[in-house]
Amino acid sequence: MPLADTFVRQVKPTGKSTGDSYADGGGMYLLVKPSGKYWRMDYRYANKRKTLALGVYPAVTLAKARERRGIARQQLADGIDPGVVKKAQKVARVLSAEDTFEAVAREFHGVKKVGWSDSYADKWIGRMEKDLFPPLGRMKLTDITAPMLLAYLRKVEKRGAKETAHTLRQNAGQVFRYGVQTTRCSTNPVNDLAGALEPLTVKHMAAVLEPVQAGQLVRAFDVYQGQPATKAALQLSALLFQRPGNIRMMEWEWINLDDAMLTIPSMSMKRTKKQKINGRPHFVPLAPQAVAIFEDLRSLTGHGKYVFPSLRTGERPMSENTVNAALRRLGFTGDEMSAHGFRAMARTLMAERLPDIQADVVEAQLAHGKSGSLGAAYDRAAFMIQRRKMMSVWADYLDKLKQGADVIQFKSA
C-alpha cells in the first residue's frame, strides 16, 4: 500500500541499527533512522542491484520523492542508469561552483599570495570579501557584465573610497584574466571599464620642503614635552629618513654603535616576499648626531627588544600614529608634515641644497630599488663610502638649519 503524508510525518524510528523501511511502491521506500528520514529507491541495472538516494524528508516531500522516482524509472526504461546520471549532475554542480567569481578569485589569491607580502595578500582578499564577494561572489564569471561590475564599484565610490574602487577594478581584472587563462570565461569585462570611474587626484605625503620650515621643524624637536622616546623618534626620523614603519619597529639588535651602522633585515623591508627572502639587508650609516641619540636612548629602552617600545607594553613597538601625533602637538598640521614626509624632505633638500651629493646615493639610502639590468650590481655596490659621508653632511646641514643658517647655496649657473 502506498504511503500517506500523515504517516510519513508522524512515523518514528524504532531503534533498529539499520533503520526502518516503509515501501511506497516502484522500488521506492522511506528509511527512518534516529538521524532522519531518507527517501531511497532500489533498482537493478546490468543485472546488479543498486540503490538511488532521492532526498531527505521534509526538504523532499512525498510528492517530490515520487516525482524523482518517476524520472529514474523513465531513465531505466531508456537504458540509462539513474545513479550514473546523478553522479554526473553532482560533478556538474561542483564544476559550476568552481566557475563563480569568489571561487576563481580565491584560487587566484592562493596561487599568487606565495609571492606577495603577507600584508598585501591580506588586503587583497579583504577588499574582495568586503565589497565584491557579497554581490558577485556566487555568480559565474560568464554571467558578470561590465555594467554590473561598474554598478558595485560606483557604490564604493559613493561612500568616498575612490582609491579603493580603482583598486577593486584592478583586482577584478586580475580575477577575470586568470579566469580566461584557466578557461572559466572567454572575455575580461573589466577591459571595458577603462575611464568609467572618477579619476583619482594623487595627493603626496605632506612634507616640509623649504629650508626655513625645516629649521623650524628640527628646532621644535628640542622643545617637545612628550615622551623622551617619542622625541628621539622625531629626531631620528629626520636624521635617517627611513620609512616610518622601519623607524617605529626598529630593534636594538639591528644597531651597532661601535660601527655607527643600523642594519635593517631584508624581511623587515618593503619588498616582495621573494625579495624579502633573497634580498640583502638595508644598511643605514649613522652620523655622530644619530649615534648620540641612540646612546641616550639605550638607558631608557635598551633593556627591551624595540628601540621605540609601546608605552603600554614593551613587547610591541610604538603605534604607527605616534610620530604623526607628536608633529600635531608641535603645531604642524596634517597638510604640512607627516611621518613619511621626512623622506621627501631629505630627498628634496639634498637635491636642491647639497648639490655635491649624487642622486643615486640618496636613492640607495632611501632603499629605492633600481630597475634594469644593472639593478643587482647597483644593490651590491650600495655606495657605502658615499652614504657614510652623505649622512654626516645631512646631519650637519640639519644642525645649521636649526641654528637658523642655510649656508650651502645652489650651484651657480
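Please treat every number below as a calculation from the coordinates, not as lab data. In this text, all values refer to a predicted model and were calculated from it rather than measured experimentally. Using ideal geometry, Cβ is built from the backbone for each residue, glycine included, and neighbour counts are taken over all protein chains shown.
On a 27 Å Cα-Cα criterion, which of the cross-link pairs K90/K113; K140/K274; K155/K270; K231/K400; K37/K90 come out too long?
The pairs that break the limit, which is 27 Å between Cα atoms, are K90/K113; K140/K274; K155/K270.
Mind listing the phi-derived Karplus ³J(HN,Hα) values for the range 47-53, rounded to whole Hz, using 6.51, -1.76 and 1.60 with θ = phi - 60°, and x for any glycine or proline?
Calculated HN-Hα couplings, in order: 6, 10, 7, 9, 10, 10, 7 Hz.
Report the local net charge at L153: Lys and Arg +1, Asp and Glu -1, summed over other residues whose C-beta lies under 14 Å from its C-beta.
Charge balance near L153 sits at +3.
Counting only helical runs of four or more DSSP H residues, what would the 222 nm mean residue ellipticity of the chain come to if each run contributes -39,500 (n - 2.57) and the total is spread over all its residues?
Estimated from H runs of four or more residues: -15000 deg cm²/dmol.
Kindly rank 253-260, 52-59 from highest to lowest mean number of other beta carbons found within 10 Å of each residue.
Final packing ranking: 52-59, 253-260.
Please identify, among R347, R312, R106, the residue showing maximal mean-square fluctuation in a Gaussian network model of the chain using a 10 angstrom Cα cutoff.
Highest fluctuation among the options: R312.
For the range 189-340, what does the alpha-carbon gyration tensor say about shape, rounded, prolate or oblate, given a ≥ b ≥ c as the root eigenvalues, a/c under 1.5 as rounded, and a/b over b/c as prolate?
Taking the square roots of the gyration eigenvalues as a ≥ b ≥ c, the range 189-340 is oblate.
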